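Encoded as structure tokens, the structure appears first; notes follow it.
Each value in this text was obtained by applying a stated rule to the coordinates, not by laboratory testing. Treat the numbers as computed from the prediction; the structure is a model and nothing was measured. Reconstructed Cβ throughout: ideal geometry from the backbone, glycine too, with neighbour counts over all protein chains shown.
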Amino acid sequence: MKNLTKSLFLCFALFIVASVSFGQTSLTATTLSTATNSTQSSVTVASATGITAGTVIWVEDGTVGRSEAMFVVSISGTTAQVQRGYDSTIPRSHISGIAVLAGPPSAFTEVEPAGACTPTNQPYTPLVNLQTGNQWLCSSITNSWVPGFFNNAASAGVSKAVASVAGATNPSGPLFHVTGTNAITAWGSSTTVGPLGAGGSHTDVVGAPFCVIPDAAFTTTATNNIAKASTAVANQIMCFTFDQTNKKYVASY
């Protein structure tokens with residue numbers, strides 16, 4: 001359970017970092033710092049930056065039907081007094097370290113977006129449907145809505161291309177192009193929460209799976225949260241699955 005929590009936090013981190021490039025405001029990403037049961041009226045987060053009274057907290061379980069929205073009534077330090085089961089979501093028990101997204105009520109939705117969109121016209125990212133738990137991204141490649149992390153409601157769509165970095169590289173979604181040939185030493189930052197739900201740090205426990213389309217033969221090194229060294233083949237999709245035992249991403253080749 002502890003490993004599951006950390007990998008989910010991992011995913012979170014990747015997406016937040018990547019979403020900055022979309023020209024939108026990223027939802028605040030943090031984690032629960034203590035476990036909570038289904039009846040507690042307060043929760044403690046790792047960081048309360050960006051969380052105020054009136055904020056909605058989305059606890060991302062990574063499992064359909066297990067996530068929950070909470071409305072922040074007040075906050076003191078990193079402990080928030082909350083209304084559980086906001087917007088008809090079901091109060092659940094949640095483990096320490098699980099990923100959290102936070103923003104104003106207007107940042108969330110109750111319907112699944114579809115069709116065309118313009119990233120710069122979307123005030124927040126990702127767009128989370130509180131009724132289904134699905135995360136959505138407005139792709140800057142196709143200018144249309146594509147599934148975000150932990151969203152299997154539609155076929156994967158390409159999000160913003162990401163340049164390989166001689167160090168940590170942040171996924172922009174569940175499917176994206178990687179440009180350049182630099183050696184990637186980690187997926188996501190090892191110290192910060194990136195985007196909600198994908199990729200992540202080697203200190204996290206729950207990592208969302210993702211796939212990349214290499215535009216060139218970049219390499220990965222067996223360091224940080226990468227299980228083994230690999231060499232990507234241009235135009236041959238490469239997928240990464242998070243191993244919750246060793247907290248590393250395992251490549252498909």
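Just a few scattered comments:
- Computed from the C-beta positions of residue 246 and residue 44, the FRET efficiency with R₀ = 22 Å rounds to 0.20.
- Other-chain or far-sequence residues with amide H under 5 Å of residue 144's (modelled H): 117, 139
- Label point 7 Å beyond Cα of residue 53 along Cβ direction - residues of segment 90-123 with amide nitrogen under 17 Å: 104-105
- Remark: segment 47-52, residue by residue, has Karplus-estimated 3J(HN,Hα) of 9, 9, 4, x, 10, 9 Hz, where x stands for each Gly or Pro and the curve is 6.51 cos²θ - 1.76 cosθ + 1.60 at θ = phi - 60°.
- Between residue 219 and residue 90, the distance separating the two model label sites (each 7 Å from Cα on the Cα→Cβ line) works out to 4.9 nm.
- Cα-based shape type of segment 71-127, given that a ≥ b ≥ c are square roots of the gyration tensor eigenvalues and the cut on a/c is 1.5: prolate
- Segment residue 229-residue 155, extension gain: residue separation times 0.36 nm, minus the distance between their alpha carbons: 23.8 nm
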